Structures are given as C-alpha cells and as structure tokens.
1. Any residue that is part of a helix (DSSP H, G or I) and under 22 Å from VAL56 (Cβ atoms) - is there at least one of those in the range 127-145?
2. For the range 75-85, check the following and say yes or no: at least one residue is free of Cβ contacts under 8 Å to residues at least 60 places away in the same chain, more than 23 Å from ILE30 (Cα to Cα), acidic (Asp, Glu) and assigned to a loop (DSSP other than H, G, I, E, B).
3. If you take the residues in the range 131-173 that are open to solvent by less than 30 Å² (accessible area, probe 1.4 Å) and among the β-branched types (Val, Ile, Thr), which one is nearest to LYS98 (Cα to Cα)?
4. Scan the range 169-186 and report the pairs whose first residue is on the phi > 0 side of the Ramachandran plot and whose second residue is open to solvent by less than 50 Å² (accessible area, probe 1.4 Å), with Cβ atoms within less than 9 Å and a gap of 6+ or a chain change.
5. Could you tell me how many of the residues in the range 101-121 are within 19 Å of PHE157 (Cβ to Cβ), open to solvent by 10 Å² or more (accessible area, probe 1.4 Å) and either free of Cβ contacts under 8 Å to residues at least 24 places away in the same chain or hydrophobic (A, V, I, L, M, F, W, C) (or both)?
6. Could you grab the pairs with beta carbons closer than 8 Å, sequence gap of 6+ or different chains, first residue in the range 122-136 and touching a residue at least 60 places away in the same chain (Cβ under 8 Å), second one exposed (fewer than 14 other Cβ atoms within 10 Å of the Cβ) and in a loop (DSSP other than H, G, I, E, B)?
7. Kindly evaluate ASP5 against the criterion of being out of contact with any Pro (no Cβ under 7 Å at 6 or more places or on another chain), acidic (Asp, Glu), closer than 26 Å to LEU97 by Cβ and open to solvent by 50 Å² or more (accessible area, probe 1.4 Å).
8. Restricting to the range 15-40, count the residues that are open to solvent by less than 40 Å² (accessible area, probe 1.4 Å), in contact with a helix residue (DSSP H, G or I) (Cβ under 7 Å, 6 or more places away or on another chain) and either polar (S, T, N, Q) or modelled with pLDDT under 95 (or both).
Amino acid sequence: MEWMDHKCRCLWARPGNPRYIQYHDSEWGIPVYEDHKLFEMLVLESFQAGLSWECVLDKRDAFRAAFDNFELNKVCEYDDEKTAQLLSNPAIIRNRLKVRAAVGNAKVFRKIQEEFGTFSRYLWGWTGGKVVYEKGMTRSDLSDRISQDLKKRGMTFVGSTTIYAYLQAVGVVYSHDKGCFLEHKD
C-alpha cells in the first residue's frame, strides 16, 4: 500500500498513528548495541505479550516515567512499595506478573552484563554479530534458543514469540515486508 507520503510500508504499520509510523520508519529493525536501549525494549516487549505493540508504544513515555527511564540499577532495586506504585499507575499496563517480571528480568539482565561484559555482547553473540534477514515469521530456531537460555537464567515473559519480536525490534532480525521502502535487498 502506498501512503500519503508516497512510501510503501510494512502491512502492520498503522497509517493513522504518527507514533507508530515514526517507530516503523526510524526505529524498528535498526541494530541496537546500547544496553540501556536493549533493556528498555526487553521490558516493553514483555509487557506486549498478549497485547498489541501499538498499545505498548502509545504508553512508552508513561513506561519511561514509571520505570525511572529504565535505569537498570534502579529497576533492580524496586521493592513491594514501588511495585504497588506501578500497579496503581493507570498510564501503564498494570499486570502484576509483568511488573514482577520486569524487576526479576532486570536482575538477570545485570547478571548477564557481569558475565559477558555487556548484554549487547551476549545478545549479538548468538548471531556472531551479524543481522539475520528473514520475513513472515513469528518465531525461529534463534528465538527458541535465546528464549530457552533466558528462561534457564531466570527470566520470565520471554517466550520464543516475545523474543522474536524483541530481536526484530532491536535489529538482530531484519524483517521489513516485501515492497516496504525499508525492505532489505540482496
């Protein structure tokens, strides 16, 4: 489909939501190597489980405010009082299991940083630092293996489908649709 700006985009991009268009055009699929952004996207993708990404994206600024701009060490220290505060915040998704997962996953994320030097090194190590180009999938052998490893390390809300969406979001997997102006050409 060609849009008002005469660019063709992925079918999932929503023409009526400027935030979604901006995300598609300048963020989704761009390789991310910075741990702070990798952590933010991991938390947001885990909150997306069972919901639309548009719902999470529309609440991203509220999530950033509620989760101390995704400062890893702060999130690792969240206690019952902070969890209760998050669960009473109508601007974010208030799911008790997902809030607890964000805190627990932050601790595992930090342990991975300690083991590998950076979470980025851990994540990109799965592909030897290379971007994987594939389309039309919701999970893969790669997402299966990373999901299993993260679960083994103690993370939750990191099933293969969630991890695949995460890998797409942070550019490990590049999946722009055929015909999209950002489609990878061999």
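1. Yes; the residues of the range 127-145 include at least one that is part of a helix (DSSP H, G or I) and under 22 Å from VAL56 (Cβ atoms).
2. yes
3. VAL158
4. Listed pairs, sorted by first residue: GLY171/TRP28; GLY171/GLY29; GLY171/VAL32; GLY171/VAL131; GLY179/CYS8; GLY179/ARG9; GLY179/CYS10.
5. 2
6. Hits for this filter: VAL131/PRO31.
7. So ASP5 fails the test.
8. The qualifying residues number 2.
The values are calculated or read from the model by the stated rules, or taken from the named source; none is laboratory data. Bear in mind the structure is a predicted one, so any value in this text is a computation, not a measurement. We place every Cβ from the backbone using ideal geometry, glycine too, and count neighbours over all the protein chains shown. What goes into the accessible areas is simple: the full protein's heavy atoms, side chains included, and nothing from ligands, DNA or RNA. Shrake-Rupley method; radii C 1.70, N 1.55, O 1.52, S 1.80 Å.
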